[in-house]
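Read the structure below first, then the notes.
Throughout, read-outs are computed from the coordinates displayed, never taken from laboratory work. Every value quoted in this text rests on a predicted model; they were computed, and no experiment measured them. Don't worry about glycine lacking a Cβ; one is built from the backbone with ideal geometry, like all the others, and counts go over all protein chains shown.
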Amino acid sequence: MGNTHYTKDHEYVRVEGDVATFGITDYAQSQLGDVVFVEVPKVGAHLKQGAEAAVVESVKAASEVYAPVSGEVIESNAALEGTPATVNEDPEGKGWFGKIKLANKSELDALMSEADYKTYLSTL
Amino acid sequence: MTDPASAPTKRTPLYDLHVALGARIVPFAGYDMPVQYPTGILTEHQWTRTEAGLFDVSHMGQCFLIGADHETTARALETLIPADIVNLKPGQQRYSQFLTEDGGILDDIMVTRSALPEEDGTLMVVVNAGCKDQDFAHLAKHLPKTIKLILAPHRALLALQGPKAASVLARFAPDVATMPFMSALSTKIDGVPVHISRSGYSGEDGYEISIHEDKVRALAEKLLKESEVKPIGLGARDSLRLEAGLCLYGHELDLTTSPVEANIQWSIQKRRREDGGFPGYERIKRELTEGPKRKRVGIKPEGRAPAREGTEIHDDAGDKIGVVTSGGFGPTLNGPCAMGYVDTAHAALGTRVSLIVRGTPMPAEITAMPFVPNRFYRG
């Protein structure tokens, strides 16, 4: 099992030890189009899996980003507020939104593997 | 407005071209329309501001009113709209609105007097796609029998907008180079009759070209071959018009808003203000004299977060004073901008307000529009 997991809402979460870095997938950014504003999660916030964690806005619309896992936000990517286009350019790299200290590792079981996510995308 | 879910979506004659160009297609006003092409809305927007953008606006409604002479047709149309049409010169175009009896807006429209002497008595009217069925029924119901209403469902409409639009279009129709803003002419491009007006919806110089649906694809492809021209979708059309401070029916304008509230009273000429003779005159006259209760204003958020349609506008005390009707990100402005209605007491330029975005008040200011200077051709 790889260390990156995916949600049906097109968030990814990359796990290293007990820290999960999350953001939106390349598919999500391509669907949104040009990202013009990102509201990243606040450090110290306690997120619940599936609850709103961040907001990403394209020219046309605002979209909510949901927490792929529960836990405390220990770091957020404030650079995105100045350069939101990073989400389009490198969504699963420099375009990460936040880092969560995993509260419950078993939540990852509910998420998709990279292979499963690719299969899921092919059904959309 | 037509409910898009109630009928199968229609396609413009350029649908296949949009798909071939890689457009993302979305339903809009009952049509499958390109919202953006592969380069994306930001690039399309900037391209239109610096080069020339080609828009398919064939979903809009086109019709002709034909009467015995100009005055007969003009007077008939004037019973439904507040613009001075009688004094339109041949080849002149005006912006106006179909009004309800209580001064609300059924649709906003463009009216053009034919430039051709042999077409004296002919007015061309262009209406919004989402309103066209109601508009045509409204015209059919209220126009006297002496005026013929000719719908033109087989005419397509292209818009070519941007600072390079004039030099590009003049390669095919030299007459267009010097025509003034809000004027129209009939000419031919490669032998095909076209009706061209110098107007648009981007805040830039540009044209709208009415042409038969069988001929539009060839013209679109011809224009797209020019190095200055790229196809532009509805997404950038919306961000361009927002920066230009232009109203969109169903957002800034609806059955409850009057032209005075919408701050488009410049489209009601002096003779009509004084003499009336159009639906809703009582209210409009009163609002012109006493001022409207609410007003459409420009709103500039201080931060980077866009305030979308429906966002509440609050005053310092936290009381609701209005609502955003269009809001987003202005690519040329490189920041968020919005339009909305506020109580007139809070409509002065420079008034500090709060926008309630996701439950949090965000500071903003009432500002002048357009957000980006209009660059219409004034000759």
For segment A:1-57, give the magnitude of the charge dipole about the Cα centre (Cβ charges: +1 Lys/Arg, -1 Asp/Glu; no others), in debye to the nearest 20. 180 debye
For a test of the definition: using alpha carbon positions, the gyration tensor, and the 1.5 limit on a/c, classify segment B:265-367 as rounded, prolate or oblate. prolate
Under the helix-only model (-39500 (n - 2.57) for each DSSP H run of 4 or more, divided by the residues of chain A), the mean residue ellipticity at 222 nm, to 500 deg cm²/dmol, is -4500 deg cm²/dmol
Shape of chain B, Cα gyration tensor, a/c cut at 1.5: oblate
Placing one identical point scatterer on every Cα of segment B:96-155 and ignoring solvent, what is log10 I(q)/I(0) from the Debye formula at q = 0.18, 0.23 Å⁻¹? -0.72, -1.11
Do the sum for chain B: with -39,500 (n - 2.57) for every DSSP H run of n ≥ 4, divided by all residues, what is the mean residue ellipticity at 222 nm, to the nearest 500 deg cm²/dmol? -6000 deg cm²/dmol
Considering chain B as a Gaussian network with a 10 Å cut-off on Cα pairs, which listed residue, B:G298, B:G277, B:G327, attains the greatest mean-square fluctuation? B:G277
Would you mind working out the magnitude of the charge dipole of segment B:255-379 relative to its Cα centre, with +1 at each Lys and Arg C-beta and -1 at each Asp and Glu C-beta, to the nearest 20 Debye? 500 debye
If you put +1 on each Lys and Arg Cβ and -1 on each Asp and Glu Cβ, how big is the dipole of segment A:1-119 around its Cα centre, in Debye rounded to 20? 160 debye
Fluctuation leader among A:Y27, A:Y66, A:Y12 - chain A, Gaussian network, Cα springs under 10 angstrom: A:Y27
Sum up the charges of everything whose Cβ sits under 12 Å from the Cβ of B:L149, counting Lys and Arg as +1 and Asp and Glu as -1, but leave B:L149 out. +2
Given the options A:V15, A:F37, A:A110, identify the residue whose Cα lies farthest towards the positive end of the charge dipole of chain A (+1 on Cβ of Lys, Arg; -1 on Cβ of Asp, Glu). A:A110
Note on chain A: contact order normalised by length, alpha-carbon pairs under 8 Å, 6 or more apart, percent, works out to 31 percent
Net charge near B:L288 (other residues with Cβ under 12 Å of its Cβ; Lys, Arg +1; Asp, Glu -1) is +1
Over the protein assembly as shown, consider all pairs of different Cα atoms and compute the Kirkwood hydrodynamic radius from their mean reciprocal separation; express it in Å, one decimal. 24.7 Å
Unsatisfied cross-links (Cα-Cα over 24 Å) in the set B:K300/B:K320; B:K164/B:K225; B:K132/B:K293; B:K270/B:K320; B:K10/B:K215; A:K42/B:K320: B:K132/B:K293; B:K270/B:K320; A:K42/B:K320
With an 8 Å cut-off on Cα pairs and a minimum separation of 6 or more residues, tell me the relative contact order of segment B:228-357 in percent. 26 percent
Rounded, prolate or oblate: pick one for segment A:4-122, where a ≥ b ≥ c are the square roots of the eigenvalues of its C-alpha gyration tensor, a/c under 1.5 means rounded, and failing that, prolate if a/b is larger than b/c, else oblate. oblate
Note down the net charge around B:L139, summing +1 for each Lys or Arg and -1 for each Asp or Glu among other residues with Cβ under 15 Å from its Cβ. 0
Pick from B:L80, B:L255, B:L223: which residue has the top mean-square fluctuation in a GNM of chain B where Cα pairs under 10 Å get a spring? B:L255
Suppose the Debye formula is applied to equal point scatterers at every Cα of segment B:1-135; what is log10 I(q)/I(0) at q = 0.09, 0.19 Å⁻¹? -0.37, -1.07
Which aspartates and glutamates, on any chain, are close to B:K295 with Cα under 13 Å apart, when same-chain ones fewer than 8 places away are left out? B:E252, B:E261, B:E287, B:D343
